[in-house]
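**Q** Sharing a structure here in structure tokens format.
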Amino acid sequence: MARHVARRDPRAHWLLLLLGLVALLAALSFNGLVTNVRGGSGPAQTPTAPAPKQVSAAGPVLRLDGPTPVTRRLAPRTLALTFDDGPDPRWTPQVLDVLRRHHARATFFVVGARVNEHPELVRRILAEGHEIGSHTFTHADVGNMPGWRAKAELAWTRNAIAGATGREVTLFRPPFSSTPAALTRPLYDALRDAAGSGHVAVLADRDARDWERPGVPAIVRAATPQGGAGAAVLMHDGGGDRSQTVAALDQLLPRLAQAGYRFTTVSEGIGAPASMLPAGAGARLSGIAVRWAQTGAGWLASAMNLLLGVALVLGVARLGVQVVCAQLHVRRVRRPRRRRPVVGAPVSVIVPAYNEAANIAATVRSLVASAYPTLEVIVVDDGSSDGTAEIVERMRLRGVRVIRQANAGKPAALNTGIRAARADLLVLVDGDTVFQPDTLHRLVQGFADPRVGAISGNTKVANRRRLLGRWQHLEYVIGFNLDRRMYDVLECMPTIPGAIGAFRREVLLAVGGVPADTLAEDTDLTMKVLRAGWRVVYEERAIAWTEAPSSLRQLWRQRYRWCYGTLQAMWKHRHALGEPGAGGKLGRRGLPYLTVFQVVLPLAAPAVDVFALYGLLFLPWSKLVLAWVGLLLLQGFTAAYALRLDRERFGPLWALPFQQLVYRQVMYLVVVQSVVTAVIGNRLRWQRMARTGEAAALAPPAPVR
């Protein structure tokens with residue numbers, strides 16, 4: 001009806017939202033990669049073709065950057081202890097303590113993600129004279145992944161070490177590797193690719209298999225070379241419980257020292273120059289940036305887990321409060337403590353109408369057919385161009401008046417009807433709404449309580465045959481009517497719907513009539529009534545059938561206006577927070593509830609959906625399915641309970657799972673759009689819904705009066 005001119009159309013926020021969600025998914029995915037780091041050795045893939053014989057039968061150190069592989073072995077009675085999968089805050093310090101106690105040096109092949117988590121341990125390894133090599137960034141099987149990913153794993157690890165220590169590494173041990181004899185062709189090809197970026201591959205002569213935890217004696221036997229031969233021994237200082245490794249190391253070192261062994265690094269053991277070189281400024285800065293990114297991604301994932309936890313707690317608490325309040329409301333309405341006098345005072349029904357030709361006849365007929373002794377119906381035609389007024393006039397029904405005015409908006413039409421009304425009880429009805437015969441009688445009975453200034457009826461969706469209609473039907477029953485029962489009990493009803501609401505005339509005059517400075521005039525008016533000190537209640541048995549949007553575009557336009565108008569009304573009545581009486585109940589109960597459940601949580605919903613996608617990629621599907629089914633059952637219980645309270649069939653429940661895939665996203669994107677519109681200061685135009693007349697089928701024939 002009212003038309004406000006938009007100053008600018010805020011569309012850049014959709015691009016910003018999309019980029020933000022992509023960035024969030026990228027950060028969460030990065031966190032998923034680094035937190036799913038595993039440990040241990042052994043093959044990670046099904047056996048494939050072996051590596052060339054000149055490599056599989058050679059020494060453990062492989063230089064593959066030339067046309068012919070170059071391999072090296074350790075000198076006799078030289079032991080290069082190597083430790084994979086660290087640094088670990090528990091086991092790496094214990095391994096270092098044992099090495100220092102026995103004056104032994106070793107080589108640590110570190111995982112880049114763990115370097116970023118514990119850079120101080122890497123610096124301690126170097127400070128105590130040990131050597132560091134790369135073990136990829138996420139303990140990934142480089143022989144079973146695309147080449148770009150393998151290069152990224154090596155580059156990230158090299159930068160992580162550079163950022164933590166100022167040194168670059170050249171030694172590289174692939175995860176899930178063992179001795180040269182166990183080298184597969186895919187892994188050999190991956191090592192050749194790694195050689196192209198300056199890496200020297202280091203395998204092992206002896207695999208202690210300590211990751212299997214076979215017992216300390218077995219680890220000592222597996223790590224002991226035969227006949228005084230030199231060896232590179234594969235052990236682990238991270239990736240699991242390494243208590244047996246520490247104990248075995250404490251036995252192995254003195255035993256081999258007595259046999260004349262010296263314990264050194266891989267590079268010294270083969271007589272090669274130092275493998276660690278000073279890192280350039282670019283590598284150090286890249287390493288620091290990756291560490292910050294990993295830390296930030298971890299914080300973000302923790303924040304998302306906290307958000308989900310808070311949302312779940314709030315959702316369960318909301319359900320608990322709704323159920324308790326609904327039960328109290330049922331007892332109070334259906335089993336009142338004392339019988340109140342029947343209200344039969346004259347009623348004026350005001351119907352603002354703008355281009356309502358599809359439904360206006362059905363609306364008026366249903367009102368005239370009401371089982372109520374004295375009423376008048378005032379149809380205020382707000383400049384319609386489709387013959388709405390003429391349709392009503394041709395019906396020639398007793399007690400029905402038509403008032404024409406130039407288009408001025410719904411609030412102005414309502415105020416015109418209020419001024420023209422003769423009764424002291426006024427019912428405001430939308431032009432697409434159909435009443436049941438007993439609706440009007442039930443609606444006004446609450447006025448027997450002199451404290452009640454306004455009453456909300458029970459709005460139901462008439463056009464619910466299609467999927468979109470069923471979704472809206474469930475929303476009306478669950479999200480609107482279940483909430484209204486709670487609001488009634490807590491005495492903080494924020495909205496009487498425009499489709500069906502009753503008011504005392506004195507109340508409307510006292511608050512200045514229907515306000516026109518927000519797009520949610522029904523919410524604005526209800527809040528004004530509460531702040532004026534009156535009670536606002538809900539009558540579940542006063543049923544009005546209304547036509548809901550029949551397309552996603554119409555739904556978007558309607559809910560956009562509702563949400564934006566509600567934000568306007570909430571801001572307008574924010575001072576109710578500090579008021580006493582009914583206004584204070586609105587401010588300290590109703591407004592926080594609206595803020596949390598209609599603004600804050602919907603704004604967070606896109607991030608929650610991204611987190612769900614992250615879960616599909618990185619979390620066990622069994623847990624995800626269990627969580628999804630659990631939430632769906634909770635929603636199903638809520639929906640079934642609300643349907644039972646409203647005496648509705650349970651048939652539409654089948655549409656509930658699909659509602660989470662489309663309808664929910666539309667609703668939270670509406671909130672995003674509304675908040676952005678409000679923040680940047682745009683004024684939203686009135687968005688009128690196209691009527692199809694489906695609600696008219698519910699109207700009874702009008703009696704002759």
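No lab work stands behind these numbers, since they all come straight from the coordinates. Since the model is a prediction, treat every value here as computed from it, not as a measurement. So basically every Cβ, Gly included, is an ideal-geometry build from the backbone, and we count neighbours across all protein chains shown.
**Q** Helix check for the chain. Which DSSP H runs span at least 18 Å along their own axis by Cα, with a mean Kyte-Doolittle hydropathy no less than 0.5?
**A** Answer set is 12-35, 281-334, 601-618, 621-645, 663-679.
**Q** Which value in deg cm²/dmol, rounded to the nearest 500, describes the helix-derived mean residue ellipticity at 222 nm for the chain, given -39,500 (n - 2.57) per DSSP H run of n ≥ 4 and division by the residue count?
**A** -14500 deg cm²/dmol
**Q** Additional query: Could you size up the charge dipole of the stretch 346-698 around its Cα centre, putting +1 on the beta carbon of Lys and Arg and -1 on that of Asp and Glu, and report it in debye to the nearest 20?
**A** 240
**Q** Taking a ≥ b ≥ c as the square roots of the Cα gyration tensor eigenvalues, with a/c under 1.5 meaning rounded and otherwise prolate when a/b beats b/c, else oblate, which class fits the stretch 65-117?
**A** Oblate.
**Q** In µm²/s, what is D for the stretch 38-279 at 25 °C and 0.890 mPa s, where D = kT/(6 pi eta Rh) by Stokes-Einstein and Rh is the Kirkwood radius from Cα pairs? Present the calculation step by step, with values, prior to reporting the outcome.
**A** Working: Rh = 17.4 Å.
The diffusion coefficient I find is 141 µm²/s.
**Q** How do Thr518, Thr179 rank when sorted from fewest to most other Cβ atoms within 10 Å of their own Cβ?
**A** Values: Thr518 22, Thr179 15.
Ranking Thr518, Thr179 by Cβ neighbours within 10 Å, fewest first, gives Thr179, Thr518.
**Q** For the chain, I need the span (max minus min coordinate) of the C-alpha atoms along each principal axis, in Å, sorted largest to smallest.
**A** Taking the Cα atoms of the chain, the three principal extents are 116, 51, 45 Å.
**Q** Follow-up. Work out the length of the dipole vector of the chain about its Cα centre, built from +1 on the beta-carbon of each Lys and Arg and -1 on the beta-carbon of each Asp and Glu, and round it to the nearest 20 debye.
**A** 1720
**Q** Going by how many other beta carbons lie within 10 Å of each one, how would you line up Leu525, Leu474, fewest first?
**A** Listing Leu525, Leu474 from fewest to most nearby Cβ atoms yields Leu474, Leu525.
**Q** Shifting gears a bit: With Cβ to Cβ distances under 10 Å as the rule, what net charge do the other residues near Met486 carry (K, R +1; D, E -1)?
**A** +2
**Q** I've got another one for you. From the residues Ile288, Ala160, Ile391, which one has its Cα farthest along the dipole of the chain in the positive direction, the dipole being from +1 and -1 charges on Cβ of Lys/Arg and Asp/Glu about the Cα centre?
**A** Ile391
**Q** Provide the three semi-axes, in whole Å and in decreasing order, of the ellipsoid equivalent to the stretch 121-259 as defined by the square roots of 5 times the Cα gyration tensor eigenvalues. Numbers along the way, then the final one.
**A** Values: eigenvalues 148, 69, 39 Å².
After scaling each eigenvalue by five and taking roots: 27, 19, 14 Å.
**Q** Taking the Cα centre of the stretch 405-465 as origin and charging only Cβ (+1 Lys, Arg; -1 Asp, Glu), how large is the dipole, in debye to the nearest 20?
**A** In debye, rounded to 20, the stretch 405-465 gives about 160.
**Q** Of the beta bridges DSSP finds with both residues in the stretch 38-279, what % are antiparallel, to the nearest 5? Kindly include the intermediate steps, with their values, before the conclusion.
**A** On the way: 8 of 30 bridges.
Within the stretch 38-279, antiparallel bridges account for around 25 percent of the total.
**Q** Quick one: pull the percentage of alpha-carbon pairs in the stretch 346-698 with a separation above 34 Å.
**A** Values: 15168 of 62128 pairs.
Taking all Cα-Cα pairs of the stretch 346-698, the fraction more than 34 Å apart is 24 percent.
**Q** So in the chain, what percent of DSSP beta bridges are antiparallel if you round to the nearest 5?
**A** Restricted to the chain, the bridges split so that about 30 percent are antiparallel.
**Q** Follow-up question, since we're still on this one. For the stretch 506-590, max minus min Cα coordinate along each principal axis, in Å, sorted largest first?
**A** For the stretch 506-590, the Cα spread along each principal axis is 43, 30, 25 Å.
**Q** With a ≥ b ≥ c the root eigenvalues of the C-alpha gyration tensor of the stretch 253-314, is it rounded (a/c under 1.5), prolate (a/b larger than b/c) or oblate? List each step's numbers first, then the result.
**A** On the way: a/c = 8.94, a/b = 2.02, b/c = 4.42.
Since a/c reaches 1.5 but b/c is at least a/b, the shape of the stretch 253-314 is classed as oblate.
**Q** With the crude spin-label approximation of a point 7 Å out along Cα→Cβ, what separation in nm comes out for Leu633 versus Ala371?
**A** My value for the distance between the label points is 4.3 nm.
**Q** Residue farthest toward the positive end of the dipole of the chain, with Cβ of Lys/Arg at +1 and Asp/Glu at -1: which of Val671, Gln327, Ala27?
**A** Value: Gln327.
**Q** Let me test this: with uniform point scatterers at the alpha carbons of the stretch 283-420, what is the Debye-based log₁₀ I(q)/I(0) at q = 0.08, 0.12, 0.15, 0.20 1/Å?
**A** Log-scaled intensity ratios, in q order: -0.54, -0.73, -0.86, -1.06.
**Q** Say the dipole of the stretch 494-625 comes from +1 at the beta carbon of Lys and Arg and -1 at that of Asp and Glu; which of Tyr538, Trp562, Tyr593 then lies farthest toward its positive end?
**A** It is Tyr593, whose Cα lies furthest towards the positive end.
**Q** Give the distance, in whole Å, between the Cα centre of the stretch 551-626 and the Cα centre of the stretch 225-264.
**A** With the stretch 551-626 and the stretch 225-264 each reduced to a Cα centre, they are spaced 60 Å.
**Q** Rounded, prolate or oblate: which fits the stretch 558-675, taking a ≥ b ≥ c as square roots of the Cα gyration tensor eigenvalues, rounded meaning a/c under 1.5, else prolate when a/b beats b/c?
**A** Taking the square roots of the gyration eigenvalues as a ≥ b ≥ c, the stretch 558-675 is prolate.
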